[in-house]
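To start, the structure itself, in C-alpha cells.
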Amino acid sequence: MIVLEILIFTIIFWIIKYFWDNRRFYYLASKIPTSAFDFSFSGIYNFLTADTKMMLKLVNESFDNESDIAKTWLGHILFVIANHPDDIKTIFNAKQCYDKPSFVKFSAKIEKGSLFGELEYWRSHRKVMNPFFGYQSLRAVIPIFNDKSKVLIKSLECMVDKEAFNIFHNMTALTLETILKVMEYDVDIQNQEAKSRDVFIKNLENFTTVAFLRMFKPWLHPKIIFENSSLSKIQRHAMSNSAISFTEDIIKNIRSKTNNNEDEKHKSFMQAMVNQKNNLNDDELKHEVHTVVLAAQDTSAISSSMTLLVLAVFKDVQQRVVDELYQVFGKTRDTPYIEFENVNELVYLEMVINEVMRLYPVVPFVVRQVDEEIVLGHKYTIPVKAAVVVPISRVHKNKKFWGDDAEEFNPERFSKENFSKIHPYAFVPFTKGPRMCLGYRYAMMLMKIQLANFLMRYEVDTNLKLEELEFGVQVTMTVCQGYMIKIRDRKY
C-alpha cells in the first residue's frame, strides 16, 4: 500500500513539475484561438489510424477555420495554423522557423536529405547545391528535357484512340528518367513493359509513404508497410532490394565520372557533392538521391498529370494553350525542339500550370518548428517547441485573397495584371524564403517542355469530373482515382 501511494505521489509530482516547467508554453498556447478539430482521444485515434484519403480529410478539417491564427493539439504537440499571407511570410523567412519539428526529424531515419534533414544538415548541403541551380545550369539541361519528352510522345503512340489510362505512370517514368539523366545516370524507364515500369514506380511511392507515415506513426517500421502492401511477396522483396541497388548504382556511377580536383567545374550538383572537399559519405549521398528523386517525381509528375487532366475537362483552355504553341512553334505534327528562350514565351501555359498548382498543390501543408518565440497575427506569441503549419491547400483557396470564385479554375488569375494584385505569399506551391524548393525553376521548365511536346502531338480527353475527384495525402496530394485520360492524334 505504501509503495502504491509513493508511486501515485511520484507521478503526480512529475506531472505538476512538467506543467510548472512548461507554464509559459501552455500560457501562450491558451491565448491562441482553438480550431474546431476534435483533439479528444477519439479524434487522435482516428488521425493515427487513418488511411491517406482520411488523413487529408482530417488535416483539412483541422485547418478549416475563419481565424488567421488557430491552434490544435495532437497529444502534447501544439500545432499553430497560419492562414494569413503576412504570417506565412514571417514563418518562411524567420530564422526561428527554419527547422523541422522533432516528429519530422524522426522520419530522417528514413530520409536525411535536404528535404527532411535537420537544420545544420540542410545548411551545409544547401551551400554545396546552390551554385548548380542557376540559369546557366538550366540552359545546360534543356537538351535532356527535350530528348526525354520526345521519348514520352513516342511511347504513347500505342494509346491513341484507346481506353482511358493513368497518365501519372507515364509522367513519373518520364520525370525519373529525366532527373536521373541530369545526375549523369542514364536508365530506360519509359520503354519498359508497363508492369515492370509500374513496379519500379510503386517502389519509389512506397518509400514516400514510409517517410510520411513515420512522421505521425513513428512506431511503424518500413518492413511493416511493405508487408501490408497489395504487392505479392516476390514483388515486395524485389522492390526493397532494387531500391538499395538502384541508389548504390547511381552513387557509384557519379563517383566514377567525377574528378576530385577542387578546381573542376562540375556538371551537376550531385557531382559536386561527391567531391572530396565536401566530405560527404555514401549514406549522405544516398539520402540526397532519394530527396532529388522524391522532389522531382512529386512536383513535376503530379503537377503535369493534373494539368493534363484539367485540360481534358476544360477544352477551351486546352485549345488556347495549343494556339499559343502554334504561335511559338508553328503548326506542325512534329514535336518541336524547345529552346531556353521558347520556354519564356509560353506565358499562357505557365498561367495554366500555376492555376493547377493553386487548386491542387502537390504539398498540401508545410510544418516548421518554432525555436524561439515569434509573434504571428500581430498579437499572438507562439511558444518555443510549437509546430507552425502553413495550410497551402487552404490558403490557395482563401476567398479573402482570391475572390468569391476561389475554388473555380481560372488561369487568368495569373495574368501579369491580375497576379500583381495578389499577396505574394498567398501562392506558395514551392514555399518561399531561404528553405524554399531549390529546384522550382527546373520543375517549371521541365513541366512546360513536357506539356508543350505532349499537347502539340495529342488531344486529351477524360470521363472524370473534377468535382468528383477524391484526394489522398502521403507526403504529397494525389488523385485516388488516378489521372485517367484518353488521347488522340491532334488534327491540323
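Computed from the coordinates by the stated procedures, all read-outs in this text should not be read as laboratory data. The model shown is predicted, which means the values in this text are computed figures rather than measured ones. Note: ideal-geometry Cβ built from the backbone for every residue, glycine included; neighbour counts use all protein chains shown.
Once backbone amide H atoms are built at 1.01 Å from N, Q481 has E470 as its partners under 5 Å, excluding neighbours fewer than 5 places away on the same chain.
Relative protection proxy for 359-370, 15-26, from highest mean packing down: 359-370, 15-26 (other beta-carbon atoms within 10 angstrom).
Between T332 and K421, the modelled label-to-label distance comes to 4.0 nm, taking each label 7 Å out from Cα in the direction of the beta carbon. Distances between placed amide hydrogens fall under 5 Å for T34 paired with K71, all partners being 5 or more residues away or on another chain. Taking 27 Å as the cut-off for C-alpha to C-alpha distance, list the pairs among K181/K448; K71/K465; K31/K385; K17/K95 that go past it. Long pairs (Cα-Cα over 27 Å): K71/K465; K17/K95. Net charge of the neighbourhood of P424, taken over other residues with C-beta under 12 Å away and scored Lys/Arg +1, Asp/Glu -1, is +2.
Whole-Hz Karplus values for the range 164-170 come out as 4, 9, 7, 5, 4, 4, 5 Hz, taken residue by residue from phi with 6.51 cos²θ - 1.76 cosθ + 1.60 and θ = phi - 60°; glycine and proline positions read x. Of the peptides 1-12, 83-94, the order by per-residue mean of other Cβ atoms within 10 Å, starting with the highest, comes out as 83-94, 1-12. Computed over neighbours whose Cβ is under 11 Å from that of R488, the net charge equals +1, Lys and Arg +1, Asp and Glu -1. Ranked by the mean number of other Cβ atoms within 10 Å of their residues, highest first, the peptides 428-441, 372-385, 408-421 come out as 428-441, 372-385, 408-421. Taking 0.36 nm per residue of separation and subtracting the current Cα-Cα distance, fully stretching the chain between T381 and F25 would add 127.2 nm.
Other residues whose C-beta falls under 12 angstrom from the C-beta of L466 contribute a net charge of -4, scoring Lys and Arg +1 and Asp and Glu -1. Listed values for the range 424-436 are Karplus-derived 3J(HN,Hα) couplings in whole Hz (6.51 cos²θ - 1.76 cosθ + 1.60, θ = phi - 60°), namely x, 9, 8, 10, 9, x, 10, 6, 8, x, x, 9, 5, and x replaces Gly and Pro.
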